[in-house]
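Report on the following structure.
The values are calculated or read from the model by the stated rules, or taken from the named source; none is laboratory data. Please read all numbers here as calculations on a predicted model, not as lab measurements. Don't worry about glycine lacking a Cβ; one is built from the backbone with ideal geometry, like all the others, and counts go over all protein chains shown.
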Amino acid sequence: MANYLKRPNGTEDVTPKQIHRWKTVETVVRETAEQFGFSEIRIPTFEATELFQRSVGETTDVVQKEMYSVIAKETAFTLRPEGTAGTIRAMLQNGMLAEALPQKVFYLLSCFRHERPQAGRLREFHQFGVEMAGSASPYADAEIILLAKTVLNTLGLQNIALYINSIGCPTCRAQYYAALREYFASYIGELCETCQGRMERNPMRILDCKSPICKKIAEGAPCILDYLCEDCKAHFSALQGILDDLKIAYTVNPNIVRGLDYYTKTVFEFVTTDIGAQGTVCGGGRYDGLISLMGGQDVPALGFGMGLERLILTMEQQGCAFMETNRCNVYLAPMDEAARPMAMRLAMQLREAGVRAEYDLANRNFKAQMKYADKLGTDYLIVLGSNELAEQSAKLKNMRTGEQRPIRLDEHFVADYTELSLSDLLSSGDPNLL
């Protein structure tokens, strides 16, 4: 076995043969977010550890078990485990919440969590997320759900189920916590050590525990929907009415609590069974108290996150279409050293016109150049030798049909190429020729 260094466990390389899958997803999510009026934001890869402790919650698995943190000159920093906390921090620090509301942003970023790697779950993963700050309306909830659904539909995904729930506000949550503590008290000796510590601070986190024993016990726990205050009930009912009006199918699932403490009222997930146990391709909801918790005014907010790895994995499982890989439009094959300057000059002219052009850089013989051009998926081939240099003309060969046409190598070269290749495109009906 080769003795070279390997990438860290739980990370992945994206090679040129795979990048078109990522570009497909990134293009769709960017364009869809912008259609909905969201603007891109970019935030640091690491933040003060306190930011995540305060916002994500000290009783969550993310903070207790999964964060990558470091002390640098007595200051604690953490690689971001998710995108919301850093984005809200950026909104506050840059005065965005003093501007016209709602503020609507999206991001594409990498996140880091130390957990057991498996299909669709990595230690470094990539996320598309949106955040909206400044609207308490259930129409805002429906809007971000519709945005997520539009992304999934545009990517061609099938068999994706939407589950929604309400986890209430601090007012009704207090009564629910009391009911949970009373229920779990009789099982305290059976709960895992982590959940025993959550009993007083945040018993709802027990419902999200991954331990099979805790999951089994949680099945009989009180239902949050039975404890909602009138305001939360009205909000959740209104959201369901809006989704019904939009003809968006959903299932109310009272077991959804999400894994982060900042959520309030609406929570939702889009789930597939096509990638095994890790089937949540999108999760989000409302977090009306997060901005004030982080030192800002009492501004309502909501959003969601989509894991790009899970999206791509699900698309592959379902046979969804990806955009074409980048390939060479024109390969210029110099027959000898005398023709190489001409090949380089013509390639430069084509590139300036927006054409993907290559020429031999490895001193291959003619046969080897033909094999290389074929591996590149080249659309057209131009062979350059002493005759072509002398006559300032050559043959443009369509690598798919084998048809050859004369082409000038003077100042009209790019125009000739465009005219001839466009002619091939129109006659063949093949949109991939150019």
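The figures follow:
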| quantity | calculated |
| --- | --- |
| Scope region 384-405; condition of a type outside the set (Val, Ile, Thr) and in a loop (DSSP other than H, G, I, E, B); matching residues | Gly385, Gln392, Met399, Arg400, Gly402, Glu403 |
| Complete set of residues in region 391-415 that are in contact with a helix residue (DSSP H, G or I) (Cβ under 8 Å, 6 or more places away or on another chain), without any contact (Cβ under 8 Å) to a residue 24 or more places away in the chain and within 20 Å of Ala373 (Cα to Cα) | Ala394, Glu403, Arg405 |
| Qualifying residues in region 333-363 (those that are under 17 Å from Met399 (Cβ atoms) and not aliphatic (A, V, I, L, M)) - the one surrounded by the most Cβ atoms within 10 Å (Cβ to Cβ) | Tyr359 |
| Options Lys233, Lys210, Lys247, Lys216: the member that is basic (Lys, Arg), out of contact with any Ser or Thr (no Cβ under 9 Å at 6 or more places or on another chain) and at pLDDT 95 or above | Lys247 |
| Any chance Ala277 is farther than 26 Å from Ile88 by Cβ, modelled with pLDDT under 95 and surrounded by 18 or more Cβ atoms within 10 Å (Cβ to Cβ) | no |
| Complete set of residues in region 241-273 that are surrounded by fewer than 17 Cβ atoms within 10 Å (Cβ to Cβ), among the polar types (S, T, N, Q) and assigned to a loop (DSSP other than H, G, I, E, B) | Asn253, Asn255, Thr273 |
| Residue match in region 227-235 (condition: small (Gly, Ala, Ser) and in the same structural domain as Thr264 (by TED's automatic domain parsing)) | yes |
| Answer from Thr24, Thr87 - the residue that is under 30 Å from Thr325 (Cα atoms) and either buried (at least 18 other Cβ atoms within 10 Å of the Cβ) or of a type in the set (A, V, I, L, M) (or both) | Thr24 |
| Residue among Leu350, Leu332, Leu381, Leu313 that alone is of a type in the set (A, V, I, L, M), under 30 Å from Leu152 (Cα atoms) and outside any loop (DSSP other than H, G, I, E, B) | Leu313 |
| Qualifying position, being more than 19 Å from the chain's Cα centre (by Cα), closer than 27 Å to Val299 by Cβ and polar (S, T, N, Q), among Gln64, Gln53 | Gln53 |
| Subset of region 27-61 [at pLDDT below 85 and either surrounded by 21 or more Cβ atoms within 10 Å (Cβ to Cβ) or not in a helix (DSSP H, G or I) (or both)] | Ser55, Val56, Gly57, Glu58, Thr59, Thr60 |
| Strands (runs of 3 or more DSSP E) enclosed by region 92-207 - at least 3 residues per element that are out of contact with any Gly (no Cβ under 6 Å at 6 or more places or on another chain) and within 30 Å of Thr45 (Cα to Cα) | 103-112, 124-133 |
| Checking Leu191 against (1) touching a Phe, Trp or Tyr at 6+ places or on another chain (Cβ under 8 Å); (2) under 16 Å from Asn255 (Cβ atoms), the condition it does not meet | (2) |
| Answer residue from region 392-425, given it is acidic (Asp, Glu) and surrounded by 11 or more Cβ atoms within 10 Å (Cβ to Cβ) and is modelled with the lowest pLDDT among those | Asp424 |
| Residue in region 132-150 that is modelled with pLDDT under 95, of a type outside the set (Lys, Arg) and surrounded by fewer than 20 Cβ atoms within 10 Å (Cβ to Cβ) present | no |
| Any chance Glu47 is farther than 18 Å from Phe304 by Cβ and of a type in the set (D, E, K, R) | yes |
| Any hit, region 215-224, residues being under 28 Å from Ala119 (Cβ atoms) and assigned to a loop (DSSP other than H, G, I, E, B) | yes |
| Residue check, Gln127 free of Cβ contacts under 8 Å to residues at least 40 places away in the same chain, of a type in the set (S, T, N, Q) and closer than 27 Å to Thr32 by Cβ | no |
